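The structure under discussion appears below in the form of structure tokens.
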Amino acid sequence: MKKVTVQFVFDGVIRPQENLQGVLFGDKVLIAGGEVGLYQAVKTDNPDEVIVDLVANDTDYLSENPALLIELIVSDLGGGSFVQV
């Protein structure tokens, strides 16, 4: 688990005012910005920042499987490191 800044890509553009804090679990990031969601994270040059490209992949893995939140809480997937699968 690692706290990161999440930058969102909307129509190919990153808007810094839309950034949120998130928790990195392997190659997914948990965010809470109005709603809680789990999205695919894309590595950046800065280890404290990830990108969520909503054009390439807008899947919210928690909406598909809400019980996944329990699994994230009880296990530290990837130890906070970025693992691409």
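The values are calculated or read from the model by the stated rules, or taken from the named source; none is laboratory data. Model, not experiment: these values are computed from the prediction. In this analysis, Cβ positions are derived from the backbone assuming ideal geometry, glycine residues included, and neighbour counts consider all displayed protein chains.
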Filter the range 14-23 down to the residues that are not in a strand (DSSP E or B) and not basic (K, R) and list them by number. P16, Q17, E18, N19
Of everything in the range 60-81 that's more than 11 Å from the chain's Cα centre (by Cα) and outside any helix (DSSP H, G or I), which residue is modelled with the lowest pLDDT? S81
Can you name the residue in the range 13-39 that is touching a strand residue (DSSP E or B) at 6+ places or on another chain (Cβ under 9 Å) and farther than 20 Å from I70 by Cβ and is also modelled with the lowest pLDDT among such residues? G33
Checked the range 2-19 for anything more than 10 Å from the chain's Cα centre (by Cα) and surrounded by 16 or more Cβ atoms within 10 Å (Cβ to Cβ); matches are K2, V9
List, please: which pairs have Cβ atoms under 9 Å, are six or more places apart or on different chains, and start with a residue in the range 59-85 that is more than 19 Å from E49 (Cα to Cα) and among the acidic types (D, E) and end with one that is modelled with pLDDT under 85 and surrounded by 14 or more Cβ atoms within 10 Å (Cβ to Cβ)? E71/L77
When the residues of the range 41-52 are narrowed to those that are outside any loop (DSSP other than H, G, I, E, B) and in contact with a Phe, Trp or Tyr (Cβ under 8 Å, 6 or more places away or on another chain), which ends up surrounded by the fewest Cβ atoms within 10 Å (Cβ to Cβ)? K43
Step by step: first the residues of the range 24-40, then only those that are assigned to a loop (DSSP other than H, G, I, E, B) and in contact (Cβ under 8 Å) with a residue 12 or more places away in the chain, then the one that is surrounded by the fewest Cβ atoms within 10 Å (Cβ to Cβ). Which residue is that? G33
